[in-house]
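Just so it is clear, none of the values below were taken in a lab; they were calculated from the coordinates. On a predicted model such as this, the values are computed, not experimentally measured, just so you know.
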Amino acid sequence: MKKSSSLLGIIGFAVLYALSVFLCAFIGFLHPVCWVGFPVLAAFLGAYSYYKVASRTKCFGVGVLLAAVLAVTLLVLGEIRLPAAGIMLAAGLASDIVRQVMGNNQSKALFCAYPVLSAGVMGWLHPLWTPNGITRVP
């Protein structure tokens, strides 16, 4: 029973991470500058979810899981295309690599790996900075 409740907790925090990032994007309705700056707020609000998931499991794949849940959510909603989802997944993979290299159970590993995962949100904003970029929506 403990194993299934732990798995449900991990999935719950992964969904919470995706929701916090997605809901932070709504500040873009205030002003266009807020749309560009929302990843900073999303990184702060998503840190709790990442820490909880990373502290529950020591295996490789925490960053990929969180990035995949966010990418699938945005793909289903039509917010991004596959190349942007690939950027998010690559950031999740890089985050896991940093976490494994720095020592999986140390807080400094989490402190260094999470900003790499947060950089994956930039894949969502890629069309704002590159008008003819690979993720441009027609």
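The angle between the Cα long axis of helix 62-77 and the main principal axis of the chain comes to about 40°, on a 0 to 90 degree scale.
Under the Kirkwood approximation for Rh and a Cα-based Rg, what ratio Rg/Rh is obtained for the chain? Provide the component values of the computation, followed by the final result.
Numbers: Rg = 14.9 Å, Rh = 15.2 Å.
That ratio equals 0.98.
Taking Cα atoms of segment 1-81, Rg/Rh with Kirkwood Rh, to two decimals?
On the way: Rg = 13.9 Å, Rh = 13.4 Å.
Result: Rg/Rh = 1.03.
Per residue, the average separation of C-alpha pairs within less than 8 Å and at least 6 apart gives the chain a relative contact order of 22 percent. Relative to the longest principal axis of the Cα atoms of the chain, the long axis of helix 82-102 lies at roughly 30 degrees.
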